[in-house]
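Written below as structure tokens is the structure these notes are about.
Every number here is computed from the coordinates shown, using simple stated rules; none is lab data. Here the structure is a predicted model, which means the values were calculated and not measured. Cβ placement follows ideal geometry from the backbone for every residue including glycine, while neighbour counts extend to all protein chains displayed.
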Amino acid sequence: MSGLFITIEGIEGAGKTTLTKLLSEHLKNDGADVVVTAEPGGDTLADGIRKLLLDSKNAICDRAELLLFEAARAQHVDKVILPALERGAIVICDRFSDSSLAYQGYARGIDLETIETLNNFATRGLKPDLTILLDLPVELGLARQTARDRISSEQINFHRRIREGYLSIVRSEPERFVVIDASGCEKEVFRQALEAVISRRTR
Ligand code: Z5A
């Protein structure tokens, strides 16, 4: 597979969507074949699962929540991500399997090994070449948010466990991650992220 798979992770309001847009525009202007996508979602089926997952009217038990994220991921990987990587594109994905470890594992309390096994099944073992973690205090991220859904309206301690969870994942796989202080301005976050992408592309 000749493409480059980049994922962007972080707590709510970290600036993932903003960075994804800035990076993809820059790389496209540079002439690269870039596919921008996000989880949960990516095609009609996965978008439908996203609506179920984020709707505050749905009372979803933790195991069902995990399995729905993994079902959406399996569909996303087969229909969007793998075909793009196979043709040599740069895929920039706003959230991926680390989100399940951070949210359903570290924050909800589901056993991490179970999640790793399900992640592996859903992704066919696909791992990002580079994961950019946008790290910032939970209070700042939540203050940037304009709308709340079933998951973002959880208590502040839930969001703190997510942040700590991400930092634990980084410690276990430091070579895959670049951690950027996302409390800085958009331009500075973008500058650091672009530097990381360029160094990964030229490896
Ligand atoms: N989830 C899960 O539990 N398990 C999983 O496996 C997966 C996901 C894949 C997806 O919702 C939810 O699903 C999410 C995790 C869970 N939980 N929640 N809630 P989503 O995709 O709709 O939500 P999100 O990923 O958290 O996105 P977000 O809240 O929109 O945040 P963001 O994309 O990181 O931020 P943004 O939209 O780029 O920026 C937010 C605002 O801040 C906006 O006004 C920007 O202009 C501003 N901003 C951005 N960067 C900056 C900087 N650097 N300085 C100042 N202001 C900034």
Taking springs between alpha-carbon atoms closer than 10 angstrom, which of Ala143, Ala46, Ala71 fluctuates most in the Gaussian network model of the chain? Ala143
Total lysine pairs whose alpha carbons fall under 22 Å of each other in the chain (8 or more apart, or interchain): 11
Value of Rg to Rh for the chain (Rh from inverse mean 1/r over Cα pairs, i.e. Kirkwood): 0.94
With N residues in region 48-125, Rg(alpha-carbon) / (2.2 N^0.38 Å) equals 1.14
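What does the helix-only formula give at 222 nm for the chain: each DSSP H stretch with n ≥ 4 adding -39500 (n - 2.57), the total divided by the residues, and the result rounded to the nearest 500 deg cm²/dmol? Intermediate values should be presented prior to the final figure.
On the way: 8 runs with 97 residues, N = 203.
That calculation yields -15000 deg cm²/dmol at 222 nm.
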Among Gln155, Val170, Leu130, pick out the residue whose Cα is farthest towards the positive end of the charge dipole of region 119-194, where Lys and Arg carry +1 and Asp and Glu carry -1 on C-beta, about the Cα centre. Gln155
Long-range HN-HN contacts of Ala38 with modeled amide H, under 5 Å: Asp94
Given a 10 angstrom Cα cut-off, can you work out which residue in Ile132, Ile81, Ile151 is the most mobile in a GNM of the chain? Ile151
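So, counting K/R as plus one and D/E as minus one, what does the shell of residues with Cβ under 15 Å around Val80 add up to?
Working: positive: Arg50, Arg73, Lys79, Arg87, Arg95, Arg124; negative: Asp33, Glu39, Asp43, Asp47, Asp78, Glu86, Asp94.
Net local charge, Val80 excluded: -1.
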